[in-house]
Amino acid sequence: MRILHILDHSIPLHSGYTFRTAALLREQRALGWETFHLTSPKQGHMAAELEDVDGLRFYRTPVPAPGRSGLNELRQIRAVQARIEQLAAELKPDILHAHSPVLNAIPAIRAGRKLGIPVVYEIRAFWEDAAVDHGTTTEGSLRYRVTKGLETWAIRRAEHVFTICEGLRADIVGRGIPAARLTVIPNAVDIEGFQLSGEPDPALRAQLGLAGHTVVGFVGSFYAYEGLDLLLDAFPALLQTRPELRLLLVGGGPQDAKLKAQAERLGIADRIIFTGRVPHSEVSRYYDQIDLLAYPRHSMRLTELVTPLKPLEAMAQGRLFVASDVGGHKELIRDGETGKLFKAGSASALAAAIDDMLAHRERWPAMRAAGRHFVEEVRNWKNSVANYRAVYERLAALARASKNA
């Protein structure tokens, strides 16, 4: 089986998208499939059109020359389609596997129709919802409706649709797609890639000013939907009864400056440590400094429909966390067993959840064990990737029969 994956971006860039991709590709290869990997111009300007990263080879699509404003997406679609056709002639794939956004699905579908290669489309989030969160459109606007229309167009024309969770599956079925043409490939973790959390490095703890303190923390990108503003709003009330608390925020992103300004406004800037982005090889050392993680995602279509990776990664490392009760979290977390949920959007509920977890540390060993068991037995990549097999084999067989007819 030879599969050409069409991706938005990939490692060495760091994101939940690239980490999921790398895990999927490695597990597919473990099954004996040949995988090839093409990234869109969103990867950025590259020195070469072929790059080897961590044992995976990626073909790159050159960034198109700038042209008339408003046509960037069209130029991207054309560039990706040309690259797919070029690679398909060379690599002879059995399947074209496009991964969201829809800007990858459209050229894959066009190339697949032209070349007679079946196309599957894997949706990790809807493009229109991501655009709302990034502030490039508003829900219900003309651009939102057009973008949603493109997603539906692609979903209806792909031979099969994959998605990452039940929330997205239900939305896709609601667009008139038969359930038989849809398969969930759940987010998961590579158990062997995660070690149980260790003791905090005392030198780093002293460097961060955390010696003698209880630490609540977050590690990741500072996007608006992550709800870090809510975490800051909850912190003053916690400090009134737990002055030993400190908040460690590891990472960066679009909300960085706003969060720092909010901390100053709330008068808690001296209780919050913003580390900035840290090298991937160092992330575990920062995780080890945190007693309790917080995932306070705001409720919106994106977070209600899409399951994140972070809670699963925390479970794999035996870490404790509180999380908002958005749909994406509820699909992953067993409240009180593998983590603690609180009412999304409520700073007081978040503060109460943190306080309750810190007040009942005797529960922590059982929660750590339950989380680790869940990812070991249920949410691992071997289980998830096995769901591709039947679809790939059926579509490849149909394509061979059609060519031989």
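Each reported figure results from applying straightforward, stated rules to the coordinates on display, with no laboratory input. Predicted model, so just to flag it, every value in this text is computed and none were measured. Reconstructed Cβ throughout: ideal geometry from the backbone, glycine too, with neighbour counts over all protein chains shown.
Per residue, the convex hull spanned by the Cα atoms of the chain measures out at 150 cubic angstrom. Across every pair of non-identical alpha carbons in the range 192-377, the mean reciprocal distance, once inverted, gives a Kirkwood radius of 16.5 Å. DSSP assigns beta bridges within the chain; of those with both partners inside it, close to 10 percent run antiparallel. For the range 177-274, a crude dipole built from +1 on the beta carbon of Lys and Arg and -1 on the beta carbon of Asp and Glu, taken about the Cα centre, is about 240 debye to the nearest 20. Here the 3J(HN,Hα) profile of the range 93-105, calculated from phi with Karplus coefficients 6.51, -1.76 and 1.60 at θ = phi - 60°, is x, 7, 9, 9, 10, 8, 10, 3, x, 4, 4, 8, 5 Hz, Gly and Pro shown as x.
With θ taken as phi - 60° and the Karplus curve 6.51 cos²θ - 1.76 cosθ + 1.60 applied, the whole-hertz 3J(HN,Hα) list for the range 159-171 is 5, 8, 10, 10, 8, 9, 7, 5, x, 5, 4, 5, 5 Hz, x standing for glycine and proline. Helix 72-91 and the long axis of the chain differ in direction by around 60°, with both axes built from C-alpha atoms.
Can you order the peptides 265-273, 174-182, 323-331, 87-95 by their average number of other Cβ atoms within 10 Å per residue, highest first? Mind showing how you got there, number by number?
Working: 265-273: 15.1, 174-182: 11.8, 323-331: 22.8, 87-95: 16.8.
Most protected by this proxy first, the peptides run 323-331, 87-95, 265-273, 174-182.
Here the Karplus curve 6.51 cos²θ - 1.76 cosθ + 1.60, taken at θ = phi - 60°, turns the phi angles of the range 181-197 into couplings of 9, 9, 9, 8, 10, x, 4, 7, 9, 8, 4, 5, x, 10, 9, 4, 4 Hz, with x standing for Gly and Pro. Rounded to the nearest 20, the size of the Cβ-charge dipole of the chain about its Cα centre is 1400 debye, with Lys and Arg at +1 and Asp and Glu at -1. A helix-only calculation puts the chain at -13500 deg cm²/dmol for mean residue ellipticity at 222 nm, using -39500 (n - 2.57) for each DSSP H run of at least four residues, averaged over all residues. Among F36, Y144, G112, whose Cα lies farthest out toward the positive end of the dipole of the chain, if unit charges sit on the beta carbon of Lys, Arg (+1) and Asp, Glu (-1)? Selected residue: G112.
Among the trypsin sites (Lys or Arg not before Pro) in the range 360-402, none is located in a DSSP loop while being surrounded by at most 15 other Cβ atoms within 10 Å of its own Cβ.
Loop-located trypsin sites (Lys or Arg not before Pro) in the range 7-84 (DSSP state not H, G, I, E or B) with no more than 14 neighbouring Cβ atoms inside 10 Å: R68. Farthest toward the positive end of the dipole of the range 192-377, out of P243, M357, V219, is the Cα of P243, where the dipole comes from beta carbon charges about the Cα centre.
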